[in-house]
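The values are calculated or read from the model by the stated rules, or taken from the named source; none is laboratory data. Everything numeric in this text was worked out from a predicted model, so none of it was measured. When we count neighbours, we look across all protein chains shown, and the Cβ atoms used for this are built from the backbone with ideal geometry, even at glycine. Surface areas here come from the heavy atoms of the whole protein model, side chains and all, with no ligands, DNA or RNA. Shrake-Rupley method; radii C 1.70, N 1.55, O 1.52, S 1.80 Å.
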Amino acid sequence: MKHSQLLYAVILSFIVGGFSILQAQVSSVIIRVNAPTVSQNQPLPVSIEYTPTANVQRVLFKYRSFGETEFKQQEMLVAGNSASVTLGAQYVVPPYIEYYIEVQMDGDKKETYPLENPEMNPLKATIKPIDPKNLEVRILSPEAGEMVSSEDLVIAVSLFYASDAVNRKATKLFLNGVDVTSSAIFSDDVFLYSPKNFPRTLTLGLQLLKIELYDTSGALYHTVESDFNLSTATAIAEQESRLRAGIEGQAEYRRENIGSVANTFTRGNVRFNGTYKSLNFGSSILLTNEEQSDRQPQNRLLLYADLDFLKVQYGDAYPKFPSYIVSGKRVRGVSANLALGFFNVDVSFGKTLRNIEGVAIRDTTFADSSGLNARPENSVLKSGLFTYTLFTPGIFTRDFIAIRPSFGSGENFQWGFTYMKAKDDLGSIAYGSSPQENLVAGTDFLIAFDDQKFRLEGQASLGLLNKNISKGSFTQADYDKMAGKDDPSLTPQQRQDRQKDADDLKKLGDLASKFITINENLFPLNPVGTGLPGLSYEGILSLNYLNNFIRAQYYQRGAAYTSFGNEFLQSDIKGIGISDRIRMLQNRVLLSVSYENRKDNTAQTKRATTTYANLNSSITVYPGNNLPSFTFGYGNGTRSSDAAKTDSLFVADDATNRISLQVGHDFTWGARHNLSLGMSLADKKDNTFNKQDQSNNSFFGSLTTIYSIPLQTTVSLNINNTKSQLLILSPVRLLTPQEFKLTSLSVNAQYRMMNEKLRLACTVAPTFGDLKRTLVQLASDYALTENHSIVFQYDYIQNPAPAVNDNIISLVYRFNY
């Protein structure tokens, strides 16, 4: 492992401008993972940095919401030595998101973060729950942030979902701080207030709305606030008929000297958006000098336009279909969605892989047909009968199409049907082997009612994979051979019957070949045979009642199920999962618990079946009254198999216990402070003859202080201790204890000056223990004008002798209009 890679992996991950809890791990690739704390149903941005010398080709973000049994995945956008992704708001639910990172590098190398058993010991991003009391008040109009004409303004507030503890008639309505309750009309659980019917005059611009609910004892129960903008109908009409547009972007130059390797990165991105009446449109462009013909695309282009009922994207898009068929797949082409409510269509077509030509190694001539028949697979005829070119295979262009018609808006009901096909283009490269084709078809449904407090959803899909389509579909001669027509012992009548069988087979084959290539490489031959090898399905029930959010799931994915739209979906697995999030004590306590049980060997094709069980629980407390909030979690995961105890390949019997604690506190003591403390303890016991126990203990904390002067400081400390057993099998079986200790301290200061135009920052981060390094980072952010800024950053890493020191310099120019 290179000194510079290991250094980056352990010290930069502790540099924080605002504290994000990170679980310390040691990685030869990942430098830093940042997943900030966000609120429920808000998008979660996640970013990583990795060592420049790692030759990263692809980065995958694998995640699951609390209570889900399986990890989903999204491809992260790679730029320079960083990658980022934004998780959709629908997946962001308390108390946390579990996730890990998978990095794919040159030479088919892969590494995960965390390194060891990431599915059993993933990272966690804390999610703040929203107050469910907010859902008891529905502001029907105007919507938050909406621009409303003074002529049409009507404030409508529904209390239909208010608790029985609420005295609806005691509700108060405030507009711009003025109590207007007496001027409102209350009817059928709805408050109506129209300012134009009353003498009070409103000025144009921002308007503040507040609703106060009181319980039956007269005490304040809850407060909901919103805002909207007031204008005139004429001004709004003029604005809607006028083209509005904005543009922002940045250009970056980065020079890295890591060990003996120097790299220069230049990249730029521009985002444009515009609005004209009901049409929204825009584009996003990313260009980088890492774009090369021998790797998959690094540049990104996306053009989009959408109306209320139609959305169209051209370029690099991530279309949404049922997750078992397409999930997190980048498609370079056209993606569109037509949403009419009663009938909808989603479609995406383009390419998911770009062709990369193989490399010719040398020519070789075989002496005779016996040598020719034994030639390597990666060879192609060059001339004559016996001269072939040997090659290293490249990557075919992969064409992709998916279409999903559906019925119903999805608010209470939807039923959809999906067809997806991905096929390698044989003519896209000269030197390639084993081009493939994949066909998946499925259906999905949703039934929901009671404001989606009850949701029943499911999906099922069948997949076929042809592992080599280079020879095309079966010919008539192939069907004749399968039917045994040419057997010399057959009578004329028998040969005639066999010919009919061959013709019938060909008719079926010709029909099926309109959808997928039919030959001996098609798999599975019987997708609905024993164990349903080509079929995958799941059902999910969600109930949100009585301060409980219950979710139950059952799923099975066949041993041969494959979808090129979601290549990282685990096959050969079935299981059940159930979870509950319970709100208590006026939502000051959130108790969460989940359990899953799953097993493989669904088609009984392996000599042993492995069972996985996973229990997660946590309690989050928000005591209020300026007291600290905290989350305590406990998890237990087990893995066992019915293999013989001496079966070194399939034997499994281990248990992992996980304990975590996170404490957060905002307080004022001379200055404003944010204190974050936490610990994560994981202990794995291996009960097999391997005895490869492992433990990881992490303790971390951070204090951020905002002073009355324009100064902000952050001090963070991370202590990590990992113990494991290394199994050595030669010359004799031996267990060797391994231990790694690391302590990292980071001190960061930011100072703002020149009327907030200039921000200066400095970080000093030494590490102690088994790795001793020191990082010094200097940065400045200067606003040249209101629309232009420039950012400079310099990193200097002092390595112990004899390793050379490292340094990185970057310059970023940003603009917006």
Selection status of Asp308, without any contact (Cβ under 8 Å) to a residue 40 or more places away in the chain and open to solvent by 60 Å² or more (accessible area, probe 1.4 Å): yes
So which residues in the stretch 620-654 are part of a strand (DSSP E or B) and open to solvent by 60 Å² or more (accessible area, probe 1.4 Å)? Phe630, Phe632, Tyr634, Arg639, Asp653
Apart from one, (1) in contact with an Asp or Glu (Cβ under 8 Å, 6 or more places away or on another chain); (2) β-branched (Val, Ile, Thr); (3) under 26 Å from Asp693 (Cβ atoms) all hold for Val791; the odd one out is (3)
If you go through Thr668, Thr646, Thr605, the only one that is among the polar types (S, T, N, Q) and within 28 Å of Glu538 (Cβ to Cβ) is Thr605
Given the conditions (1) β-branched (Val, Ile, Thr); (2) in contact with a Phe, Trp or Tyr (Cβ under 7 Å, 6 or more places away or on another chain); (3) more than 24 Å from Asp444 (Cα to Cα); (4) open to solvent by less than 40 Å² (accessible area, probe 1.4 Å), every one holds for Ile356 apart from (2)
Do the conditions hold for Asn805, that is, is it polar (S, T, N, Q), within 23 Å of Phe265 (Cβ to Cβ) and out of contact with any Leu (no Cβ under 9 Å at 6 or more places or on another chain)? yes
Please tell me if Gly509 is over 25 Å from Tyr161 (Cα atoms), part of a loop (DSSP other than H, G, I, E, B) and modelled with pLDDT under 95. no
In the stretch 774-804, what residues are without any contact (Cβ under 8 Å) to a residue 24 or more places away in the chain, among the hydroxyl-bearing types (Ser, Thr, Tyr) and open to solvent by less than 60 Å² (accessible area, probe 1.4 Å)? Ser780
Residues that are touching a Gly at 6+ places or on another chain (Cβ under 8 Å) and open to solvent by 40 Å² or more (accessible area, probe 1.4 Å): list the strands (runs of 3 or more DSSP E) wholly contained in the stretch 655-731 that include at least 3 such residues. 672-686
Where residues in the stretch 190-201 are farther than 14 Å from Leu173 by Cβ and part of a loop (DSSP other than H, G, I, E, B), which of them is modelled with the lowest pLDDT? Pro199
Pairs returned, first residue in the stretch 150-169 that is within 14 Å of Ala219 (Cα to Cα) and touching a residue at least 40 places away in the same chain (Cβ under 8 Å), second residue that is open to solvent by 50 Å² or more (accessible area, probe 1.4 Å) and of a type in the set (Ser, Thr, Tyr), beta-carbon separation under 7 angstrom, 6 or more apart or interchain, are Ala165/Thr216; Asn167/Thr216
Condition first: within 30 Å of Arg138 (Cβ to Cβ), open to solvent by less than 60 Å² (accessible area, probe 1.4 Å), of a type in the set (S, T, N, Q) and at pLDDT 90 or above. Can you find one or more residues in the stretch 263-279 that meet it? yes
Would you mind stating whether Ile236 is open to solvent by 40 Å² or more (accessible area, probe 1.4 Å) and hydrophobic (A, V, I, L, M, F, W, C)? no
Single residue of Leu541, Leu590 found to be closer than 30 Å to Val621 by Cα and surrounded by 18 or more Cβ atoms within 10 Å (Cβ to Cβ): Leu590
Looking at the stretch 736-773 only, could you name the residues that are modelled with pLDDT under 90, open to solvent by 70 Å² or more (accessible area, probe 1.4 Å), part of a strand (DSSP E or B) and out of contact with any Gly (no Cβ under 6 Å at 6 or more places or on another chain)? Pro737, Gln738, Glu739, Phe768
State whether the residues of the stretch 212-219 include one that is out of contact with any Leu (no Cβ under 6 Å at 6 or more places or on another chain) and free of Cβ contacts under 8 Å to residues at least 40 places away in the same chain. yes
Those strands (runs of 3 or more DSSP E) completely within the stretch 309-369 that have 2 or more residues that are in contact with a Cys (Cβ under 6 Å, 6 or more places away or on another chain) are none
Being farther than 30 Å from Ser810 by Cα, in contact with a strand residue (DSSP E or B) (Cβ under 8 Å, 6 or more places away or on another chain), surrounded by 13 or more Cβ atoms within 10 Å (Cβ to Cβ) and at pLDDT 90 or above narrows it down to one of Tyr221, Tyr214, so name that one. Tyr214
